[in-house]
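*Asks:* Can you read through this structure? Questions will come right after.
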Amino acid sequence: MIKKLKIGFLSLSVLAFMFSVGVLTVSAAAGDLTWSADQTIDMSTPDQDLTIVSGATAASMVINAGTLVPTLALGDVFTVKTADAGNLSVSPTTGVVITCANGNIGTAVITAAGGQAYTITPSTSACAYQTTATGGGGGGSYTPPATPATPAVPATPAVPATPAVVNVIPGCGNRTTGFSTATGISCVGNTSTTPAVPATPATPATPASSSSYNFGTTTLKNGSKGEAVKELQRFLNEKLDLGLVVDGKLGPKTIAVIKKWQKANGLVADGLIGKLTKAKMNAQ
């Protein structure tokens, strides 16, 4: 049975102190290193803290200014994550799974298929929801496909269709950089164009009424009665909004209004509704 060295909180605190003065190499004389508690290591290039997760095992480990290099033996599982929001990359990628949790905490789980040194490089950029493929050969990252755009509502007869405004990636709004606030997915490719809405056609003007008034053939004046007077009263109600009672009786008050109308329309203001006045009224 392989004897494993237990590295607890106190001893890894010493590692962090020793790391500040240069490159640190950790190894066990007989067997693997085993972390019995989470331990955070302060990196300087970039200024990003890494946490080795409790239960991680390695044959040895080298801590550089900007990288963590554990050497794993067959069957070792080494788990490391960013202490704050940040991303991780691991080389080589064989046996490596990288995930991104809430708060943009990047986590790498390395399962050794044989003796191998792995270079873990942190960055302060926000991690995306991605998984580096497990298994042989170069690995690589997988980004979930963007949500397909919602098609625009088909146009209905006589009403132009209103194009749909599509946020391709939820949580990205109109941004094409950074990451979704809802899912953590990269906002690259989140493009959406809203076509201009066609102008509403002008409403045709309502043609003027072509009807004429039958004011009769005789001259109307104060005291006149009959259908011709009713037509005159209808004209005055429509054009001047007088609110006259259409009773076919022409009185002095109405004659006074007609005189004002005649004067305003360039006619002799005599209060007599003759041919010229009737023609002017029908012309309106």
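*Asks:* Collect residues whose amide H, placed 1.01 Å from N in the peptide plane, falls under 5 Å from the amide H of Gly178; neighbours closer than 5 in sequence don't count.
*Replies:* Sorted by chain and number, the residues that satisfy this are Cys187.
*Asks:* Relative contact order for segment 212-278: what percent, with Cα pairs under 8 Å and sequence separation of 6 or more?
*Replies:* After rounding, I find 34 percent.
*Asks:* Among Ser123, Ser44, Ser186, Ser224, which comes first, then next, by fewest other beta-carbon atoms within 10 Å?
*Replies:* Ser44, Ser123, Ser224, Ser186
*Asks:* Separate question: Could you pull out every one of the aspartates and glutamates with an alpha carbon less than 14 Å from that of Lys260, ignoring same-chain neighbours closer than 8 positions?
*Replies:* Within the straight-line cut-off, Lys260 pairs with Asp270.
*Asks:* Net charge near Gly226: determine it from the other residues with C-beta under 14 Å of the C-beta of Gly226, scoring Lys and Arg +1 and Asp and Glu -1.
*Replies:* The answer is +2.
*Asks:* Along each principal axis of its Cα atoms, how long is segment 227-283 end to end? Whole angstroms, biggest number first, please.
*Replies:* Result for segment 227-283: principal-axis Cα extents of 28, 21, 18 Å.
*Asks:* Please report the spacing between the Cα centers of segment 240-254 and segment 81-125 in Å, no decimals.
*Replies:* 96
*Asks:* Enumerate the calculated ³J(HN,Hα) couplings along segment 228-233 in order (Karplus 6.51 cos²θ - 1.76 cosθ + 1.60, θ = phi - 60°), each rounded to whole Hz, writing x wherever the residue is Gly or Pro.
*Replies:* Working through the residues one at a time gives 5, 5, 4, 4, 5, 5 Hz.
*Asks:* Which whole-Hz couplings ³J(HN,Hα) result when phi for each residue of segment 177-191 is put into the Karplus expression 6.51 cos²θ - 1.76 cosθ + 1.60, θ = phi - 60°, listed in order with x for Gly and Pro?
*Replies:* 10, x, 9, 5, 6, 9, 10, x, 5, 4, 8, 4, x, 7, 10
*Asks:* Which of Met61, Met281 has the fewest other C-beta atoms within 10 Å, and how do the rest follow up to the most?
*Replies:* With the sparsest Cβ surroundings first, the list reads Met281, Met61.
*Asks:* In which sequence would Asp76, Asp47 go, from the one with the fewest C-beta neighbours within 10 Å to the one with the most?
*Replies:* Asp47, Asp76
FYI, it's all coordinate maths here, none of it is from the lab. As the structure is a prediction and not an experimental result, all values here were calculated from the model. Please note: Cβ atoms are built from the backbone with ideal geometry, for glycine as well, and neighbour counts cover all protein chains shown.
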